[in-house]
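The values are calculated or read from the model by the stated rules, or taken from the named source; none is laboratory data. Note that the structure is a prediction, hence the values are computed from the model and not measured. Reconstructed Cβ throughout: ideal geometry from the backbone, glycine too, with neighbour counts over all protein chains shown.
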Amino acid sequence: MIYSKPGSVKAVLGPTNTGKTHYAIDRMLGHATGMIGFPLRLLARENYDRVVGLKGKGSVALITGEERIIPDNPRFYLCTVESMPMDKKVSFLAIDEIQLCSDPERGHIFTERLLGARGIEETLFLGAHTMASILRKLVPEITFLHRERFSRLQYSGHKKITRLPPRTAVVAFSAANVYGIAELLRRQRGGAAVVLGALSPRTRNAQVALYEAGEVDYLVASDAIGMGLNMGIDHVAFSSVRKFDGNNFRYLLPSEIAQIAGRAGRFMSDGTFGPTADLGPFDDELIESLENHSFDSLYSLFWRSNKLDFSSPISLKRSLETSPPTNELRRVRVSDDYGALMACISAPDIMDMATSPEAVRLLWEVCRIPDFAGDLSGSHLRLVRRIYKFLMTAKCRIPPEYINRAFNRLNRIDGDIDTLTSRIAAVRTWTYVSHRSEWLEDSAGWQQKTNELENKLSDALHGCLTQRFVDRETAVLVRRLRDREPLLAGLSADGKITVEGNEVGWLEGFNFVPNDKSILTNPHLLGAVNRVIREAIAERVSKIESSKDNNFSLNIKTGEINWNNHPIARLTKGASILRPNLEILPSDLIENPEREQLRLRLTAWLRNYLSEQMLPLVRLNELKFMGEIRGVVYRLTEGLGCCNQSEISVQKSKLSVEERKILANSGVRIGVVTIYMPKLLKGKLMSLKGLLYSVFSSAELPTEIPDGGATSLTYQTGVSSDWYRVLGFYPSLPLAVRVDLLERLLADVRGLSRNGPFSVPSKMLNSIGASPNDFANLLRGFGYSVNKSEEKLIVSRNKSKKRGLRHKTKIRKLQTKGSDSPFAILKGFGSYSRSE
């Protein structure tokens, strides 16, 4: 044990960026021998390298749970607090971040060093001002040196993540949130370095190097940033101040927030802090505390007895549960090593082995193997029990083949970030074990293997993090934008737009479509893009004017006209349903003369296209008609090849034989209830006719477009009869039947019923896809009598006079019932032109 020298104990207290660690190292190097305990392996390694540079490798030792570099006669020891060799007497001793005595998980270790670790000539405790009061009570002989921060720390208010200034560290308290913020920064700002407590020192240093080298302007970190990161951070942004501490979710103490915020501003450079994302503004009291480094003093520290009884596992348990000697100390809650001991005590086979003080001491040493992965599955406890059983055998060694199997399972660099992180944690456990030379054969060999594997996995993890969270090209572009440098932009033949070699979007028609919407909010970048596009517009207009018709297409669903699959115009209501107009899609990049050039070319294409698709109707309209036939053609055009006879009953009755021949030769069929053009009932024209109806009526499609094979539709109440007519269907409750099939059906029924009642064959129902009930109601609407006999439909004509009276009566009744009636719908056909 290191003994105390009266008057030699000093506390160096102050906020971050006060040079406490540098002061301690300078003091240590003024002594013949010295030792410093750090809270992190990373810090121990960083300061080891520094002291080696000053004193040489032969004079300096590094001791951590996973790394030991001990020359023959070292003068100075750089250690993690847990790994400090307490049997070494040194002139100087220091503990860094002594306020961690209040940490629920590791506090008892720091408190043990506070109460018992001393340098022969000088002892320093480095930490926060919050420790001053309790240090006076626990270490009466202590003196204080208070250090002020070299630079100011100032609150700067809330900032959106996408508006954070360069050289910002964003703090989150879960891996998922860290990843989410880093991905957002990758999309918006080219990426971010990532720092998590679970990262190995090698991976962490590599990520920090990305930031320090300026390859990325942002760092996203957990509260691991609060210690051991001395770098050029100008602003610390908190996405949350709530964390899970291993047992519960809780809010950070002001002093904990200060520890993290203090990373902003190094040496003489001022720093700022504030909330971001969904975190609201800080209250005034908290801001004042952080800016003035004024926090409530700690009133108690975690403690655990170091006077352990190894006579039995139960005795060891009791000694660990000893109550603290003073009110300023409180017993540590369940720690990992204590939890492992409890698990071993509950295992009868372990208890059978731990029957001597030596066996119990070994059990405790095995229980203290760190659980780097924070395992919740029980695998770490199983490993502890297995290792103890191996060590209690006659050979007292862990079998090489067992370690080798575990090593081979971990010796893979495939997998995602979480997988690689888990493997590194497992390797770190075996690295710790490998430094217990009495536990395994060839300890040095296994140390080398595990270190090499950790490095390999760490490099793979760094690569994985960089690939996921860093876009170097975008990062370079963002920096050039920030520095207001001229940007080189270009447009490729296929419409892709690049700025400084980075694809930022493409030209779709006459509009810029960005890869990321944030581009639209950056005037400097958008200016470079627009400059390129404006230069290309005139050329593109000329190309469109000279394009062949097969370069254009009509999007039936949207009504847009495409050029080489890019939308450039859309249909609008015209003089008639068959002659829609068009307008060029909105674009700030097209001048009015160019817009008119495009309109004329596209109008010519549209006329040709509709003439091809609706050829029978177009040719019919090209004929010069006079008299009654002209009205028939007008109605057919309104209905896109279909109209109801009730609309043109007068004109039809006055048609001459010659005019009927002209209509027949033009592809017009005159039926019993409709007049229609069979070639315009084809399925592929359904969507086009639906679009023309929607454009002309300035309304959404009332129903879905039926497929090409549809023979009938369920009539929907409230849907205009014009809609069914345009599609080529005749609405008659409860169905809307395709007109050519309806005319054929009515002709068949007339023929069969001449000889009296007949049984409806199934193929007649199938021809229009109707159920027996729907079929019966359909024919009744046309004045037939339909009855059921032995599951068959029997159809017969009503007497001529009565049928006529019935038909007229039905018309009157249905008309009074509203639009649900087919006769009301027929009336609608007749009023179509007037309503327009």
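List of remarks:
- Scanning the range 186-207 for residues that are at pLDDT below 90 and either of a type in the set (A, V, I, L, M) or more than 30 Å from N451 (Cα to Cα) (or both) returns R186, R187, Q188, R189, G190, L196, A198, L199.
- Just one of (1) buried (at least 18 other Cβ atoms within 10 Å of the Cβ); (2) under 22 Å from E256 (Cα atoms) fails for A175. It is (1).
- Of the residues making up the range 458-469, just one is farther than 16 Å from G197 by Cα and surrounded by 23 or more Cβ atoms within 10 Å (Cβ to Cβ), namely F469.
- Residue within the range 397-418 that is buried (at least 21 other Cβ atoms within 10 Å of the Cβ), in a loop (DSSP other than H, G, I, E, B) and at pLDDT 90 or above present: yes
- Within the range 134-162, the set of residues being under 30 Å from D337 (Cβ atoms) and not charged (D, E, K, R) comprises I134, L135, L138, V139, I142.
- Subset of the range 101-119 (residues that are of a type in the set (A, V, I, L, M) and farther than 15 Å from R330 by Cβ): A117
- The range 111-166, subset assigned to a loop (DSSP other than H, G, I, E, B) and among the acidic types (D, E), residue modelled with the lowest pLDDT: E148
- Screening A128 on (1) in contact (Cβ under 8 Å) with a residue 60 or more places away in the chain; (2) surrounded by 18 or more Cβ atoms within 10 Å (Cβ to Cβ); (3) closer than 22 Å to P85 by Cβ shows it passes everything except condition (3).
- Only listed residue being in contact (Cβ under 8 Å) with a residue 24 or more places away in the chain and crowded, with 20+ Cβ neighbours inside 10 Å, chosen from L688, L681: L681
- Some residue of the range 618-627 being assigned to a helix (DSSP H, G or I) and of a type in the set (G, A, S): no
- Residue in the range 330-338 that is assigned to a helix (DSSP H, G or I), of a type in the set (A, V, I, L, M, F, W, C) and within 20 Å of G65 (Cβ to Cβ) present: no
- Failed condition for L210, given (1) more than 30 Å from N502 (Cβ to Cβ); (2) modelled with pLDDT of 90 or more: (1)
- The range 174-202, residues that are more than 22 Å from D234 (Cβ to Cβ) and either among the hydroxyl-bearing types (S, T, Y) or not in a helix (DSSP H, G or I) (or both): S174, Y179, G197, A198, L199, S200
- Counted residues, the range 573-612 - those being under 30 Å from L681 (Cβ atoms), in contact with a strand residue (DSSP E or B) (Cβ under 9 Å, 6 or more places away or on another chain) and either surrounded by 18 or more Cβ atoms within 10 Å (Cβ to Cβ) or polar (S, T, N, Q) (or both): 8
- Residue in the range 428-435 that is touching a residue at least 24 places away in the same chain (Cβ under 8 Å), of a type outside the set (S, T, N, Q) and out of contact with any helix residue (DSSP H, G or I) (no Cβ under 8 Å at 6 or more places or on another chain) present: yes
- Which numbered condition L610 fails, given (1) within 18 Å of G574 (Cβ to Cβ); (2) part of a loop (DSSP other than H, G, I, E, B): (2)
- Within the range 227-257, the only residue that satisfies the criterion of being more than 26 Å from G374 (Cα to Cα), of a type in the set (A, V, I, L, M) and surrounded by fewer than 17 Cβ atoms within 10 Å (Cβ to Cβ) is M231.
- Sub-6 Å Cβ pairs linking a first residue in the range 723-747 that is touching a residue at least 24 places away in the same chain (Cβ under 8 Å) and crowded, with 20+ Cβ neighbours inside 10 Å to a second residue that is β-branched (V, I, T) and assigned to a strand (DSSP E or B), at least 6 apart or interchain, are Y730/T674; Y730/V737; V739/T674, ordered by first then second residue.
- In the range 481-510, the residues that are under 25 Å from T162 (Cα atoms) and modelled with pLDDT of 80 or more: I497, T498, E503, V504, G505, W506
- Checking each residue of the range 155-163 against the condition of being free of Cβ contacts under 8 Å to residues at least 60 places away in the same chain, basic (K, R) and either out of contact with any strand residue (DSSP E or B) (no Cβ under 9 Å at 6 or more places or on another chain) or surrounded by fewer than 22 Cβ atoms within 10 Å (Cβ to Cβ) (or both) gives at least one match.
- Pairs linking a residue in the range 81-92 that is in the same structural domain as Y48 (by TED's automatic domain parsing) and in contact (Cβ under 8 Å) with a residue 60 or more places away in the chain to a residue that is of a type in the set (V, I, T) and surrounded by 21 or more Cβ atoms within 10 Å (Cβ to Cβ), with Cβ atoms under 8 Å and 6 or more positions apart or on different chains, are F92/T123.
- Taking the range 419-437 as the range and being of a type outside the set (A, V, I, L, M) and part of a helix (DSSP H, G or I) as the test, the residues that pass are T419, T421, S422, R423, R428, T429, W430, T431, Y432, S434.
- Total residues in the range 579-612, condition farther than 30 Å from V532 by Cα and either at pLDDT below 90 or of a type in the set (D, E, K, R) (or both): 3
- Residue list for the range 62-81, filter: outside any strand (DSSP E or B) and crowded, with 18+ Cβ neighbours inside 10 Å: T64, G65, E66, E67, P74, R75, V81
- Total residues in the range 384-396, condition in a loop (DSSP other than H, G, I, E, B) and under 15 Å from V360 (Cβ atoms): 1
- In the range 760-776, the residues that are hydrophobic (A, V, I, L, M, F, W, C), outside any helix (DSSP H, G or I) and over 56 Å from the mean Cα position of the chain (by Cα): V760
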